[in-house]
Amino acid sequence: MSNNLSHLDALENNSIFIIREAYSQFRNVAILWSIGKDSTTLLWLVRKAFFGQIPFPVLHIDTTYKFPEIYDFREKYAKEWGLNLLVTKNEEALAAGMGPDKSKFQCCNDLKTVALKQAIAKYKFNALYLGIRRDEHGIRAKERVFSPRDEDFEWDYKNQPPELWDQYKTKATEEEHLRVHPLLGWREIDIWEYTKRENIPVNDLYYAKDGKRYRSIGCHTCCGPIDSNAGTVDEIITELANTDISERSGRAQDKEDDYMMQKLRSLGYM
Amino acid sequence: MAENRNIIVGLDGVPFGMIKDFTESGVMPNTSKLLNDSVLTPMYSTVPEISSVAWSSIITGANPAEHGIFGFIDLHPNSYKMRFPNFNDLRAATFWENCEGPSVIVNVPSTYPVRSMNGVHVSGFVSIDYEKSVYPESLVSTLKGLEYRLDVDSMLAHKSMDVFLDDLDRTVDARISSIQTFWDQCKWQNFMFVFTGTDRLMHFLWDAYDDKGHKYHRKFLEYFSKIDAAIGRIIDLSENSDSVILLSDHGFEKLDHDVFVSKILAEEGFLHFNPSEESSLQNIGPKTKAFALDPARIYLNRKDKYPCGSVEEKDANEILNQLEELFSSLEIDGRKVIKHIFKKEDVYEGPYFKDAPDLVLIGDTGFNLKATTAGKSRFGKGIFTGKHTYHDAFLAVKSKNRNISFDKQPSVIDAGKLIRSLTK
Ligand SMILES: [Zn+2]
């Protein structure tokens, strides 16, 4: 166990370093909280980094298609942790009837991506913390810890001379923002081991009910549960140690197909 | 080393008439100079006349029944479930894979995802994941540094034409910088790049080409001038001994009416959907005799081929005759709607003949055929003002080493064979 602890300590230290560094450079920042296990772990780390009081807003993009358990969880911990919670929706798209029955790609795009863009424009954030992990998805394998939109800087963030930050700042236009990924190096199992160690609250959706549980939670229309009997954090850790199926593997091809359809539709096909 | 180099420039969708017009009227002066030293001819596209099929023939020299690509959309075997064929489904080797020398290949449609090759390959429409669109992978950061974009966002045109045009410009600018970079930095024997924004521009703004008073008429011409300048730079940098091929994959013309082929099939009793379910291919009913895939590929619902198949081999010809009769007599406002009805055996030849559509319809002037099952009536009109044509793509060839002449109008398959023989 001691090996494991030091591994988690190293991950925690790195993440906290990144979180503080980005805040000291950017100030007008926010953390994106989807209420899932990764972004809740990130939120936990941010609270630690700032000794319990987060000095910036916590942004929740509400597609209105979330599980009820997600809303309950959000309300409970926003209050308990004293969060400055900003909930934002793409009201226009929702009013126009956008929903997953149209096209999942279009739905995700309008209700998540566009809503996020609207929030960035409204609050003028210049950096955003996101809880994405490298092992989560094939497309994320190439992500960087600091990922300026539309650029591809590869750098050693630990030995980062301040000039590079400044250079980025002076280059940033109004539409640009930096995405900061403090959890990039974490694996799914690390999240659960850390959750266990820190006793981070877990949404019930992750625990098996009638032989099924959710490995990742988003909109109830887009993610299906997996077969599982894991009803506790310990059982989830055991389960993960014995499987190597990526948590979103089934969704990757669907996503590519959806994107394809979208591109073809825009040219009048289908 | 400078001998036997080949430069192939694609202008997606540009019709013969337009290249004549722009080179004669001064919109494309550099291209005009190039054409002075070239043989220029109108050219047939593939059947159907769409980019995925036509470019696949151009890069392989193969008939669709040899390369296996019949459209952007196809069905999983023994099913009505849609799938999207990509470069992995191409069953014939490309000219660059048949050539020992190095090649640079940029933005050729239907070449995603890229695979290893001798040279550089950046795939074209529909490319999804940046990392899977660039070979070798080490060039990803170079391209991102050039702000290279895989594709213009055509969705924008549905929202704001100005924003779309701006996106189109930025995409082509970055495309041109990447071509310049590869030209300067790579060793190559074959250099091929395709401009695809031309097709997008013509889909949305053909009316701006036709109408000199149109708000975007100047913009339309400027876009072609920009491409002409890029062609000019490449020609200036090329050696006199280089062969140069300039070509399009299909032509274009004004769109007057959309024609919903599936709606017609349904109204005429050839296509049935399960009641109480939405009208999509997934819900095809067992009485269905024929259905369509984009743009107007018609498949008999054969018993041995599809889960709800109803057509026996012995009845196939009879149904095909009925379909021919239906579509050849189709009219709107006294105008004939269908120009050609190609039977499978007329146009396809090769090992994938069995996967080919039974009939392919080509619309008459102004009629844009669509297979979508969402059409509410037989005819309609959306935001598109231009449509593809079959008969008037173009091909221009400049070659010092080869006598080029065409005794009859070539097709894109012939162009592919020519490219293959030049690049060998
Ligand atoms: Zn097109």
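The values are calculated or read from the model by the stated rules, or taken from the named source; none is laboratory data. Keep in mind that this is a model prediction, so the values were computed, not measured. Neighbour counts run over all protein chains shown; Cβ positions are idealised from the backbone, glycine included.
Quick look at the numbers
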read-out: Any hit, the stretch B:245-255, residues being under 19 Å from B:Lys33 (Cα atoms) and away from the ligand (no atom under 16 Å from the Cβ); value: yes
read-out: B:Ala371 being away from chain A (no Cβ under 14 Å) and either of a type in the set (A, V, I, L, M) or in contact with a helix residue (DSSP H, G or I) (Cβ under 8 Å, 6 or more places away or on another chain) (or both); value: no
read-out: Filtered residues of the stretch B:192-210 (kept if β-branched (Val, Ile, Thr), within 11 Å of the ligand (Cβ to nearest atom) and buried (at least 24 other Cβ atoms within 10 Å of the Cβ)); value: B:Thr196
read-out: Selection count where residues are over 26 Å from B:Thr111 (Cα atoms), away from the ligand (no atom under 16 Å from the Cβ) and surrounded by 18 or more Cβ atoms within 10 Å (Cβ to Cβ), scope the stretch B:1-30; value: 5
read-out: Failed item, numbered, when B:Ala393 is tested on (1) over 26 Å from B:Glu97 (Cβ atoms); (2) within 16 Å of the ligand (Cβ to nearest atom); value: (1)
read-out: Qualifying residue in the stretch B:256-263 (condition: at pLDDT 95 or above and more than 26 Å from B:Leu323 (Cα to Cα)); value: no
read-out: Residue count, the stretch B:231-246 (criterion: over 19 Å from B:Met18 (Cα atoms) and either in contact with a His (Cβ under 7 Å, 6 or more places away or on another chain) or not aliphatic (A, V, I, L, M) (or both)); value: 8
read-out: Residue under evaluation B:Asp184, criteria (1) buried (at least 17 other Cβ atoms within 10 Å of the Cβ); (2) closer than 29 Å to B:Arg420 by Cβ, criterion not met; value: (1)
read-out: Selection within the stretch B:275-308 - more than 13 Å from chain A (Cβ to nearest Cβ), part of a loop (DSSP other than H, G, I, E, B) and of a type outside the set (Ser, Thr, Tyr); value: B:Pro275, B:Glu277, B:Gly285, B:Pro286, B:Lys287, B:Lys289, B:Asn301, B:Lys303, B:Asp304, B:Lys305, B:Pro307, B:Cys308
read-out: Cβ pairs under 6 Å, 6+ apart, first in the stretch B:304-316 and outside the structural domain of B:Leu75 (by TED's automatic domain parsing), second part of a loop (DSSP other than H, G, I, E, B) and of a type in the set (Phe, Trp, Tyr); value: none
read-out: Out of B:Thr41, B:Thr31, B:Thr60, sole residue that is touching a Leu at 6+ places or on another chain (Cβ under 9 Å) and either closer than 12 Å to B:Gly416 by Cβ or without any contact (Cβ under 8 Å) to a residue 60 or more places away in the chain (or both); value: B:Thr60
read-out: Single residue of the stretch B:331-358 satisfying the filter (among the aliphatic types (A, V, I, L, M) and surrounded by fewer than 21 Cβ atoms within 10 Å (Cβ to Cβ)) that is nearest to B:Gly61 (Cα to Cα); value: B:Val347
read-out: Residue in the stretch B:65-74 that is more than 14 Å from chain A (Cβ to nearest Cβ), more than 16 Å from the ligand (Cβ to nearest atom) and closer than 27 Å to B:Ala396 by Cβ present; value: yes
read-out: All positions within the stretch B:78-93 that are part of a loop (DSSP other than H, G, I, E, B), within 13 Å of chain A (Cβ to nearest Cβ) and under 20 Å from the mean Cα position of the chain (by Cα); value: B:Phe84, B:Pro85, B:Asn86
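Yes/no per residue for (1) of a type in the set (Val, Ile, Thr); (2) within 28 Å of B:Glu97 (Cα to Cα):
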residue: B:Tyr148; (1), (2): no, yes
residue: B:Leu156; (1), (2): no, no
residue: B:Lys159; (1), (2): no, no
residue: B:Leu165; (1), (2): no, no
residue: B:Trp183; (1), (2): no, yes
residue: B:Val194; (1), (2): yes, yes
residue: B:Asp199; (1), (2): no, yes
residue: B:Asp211; (1), (2): no, no
residue: B:His214; (1), (2): no, no
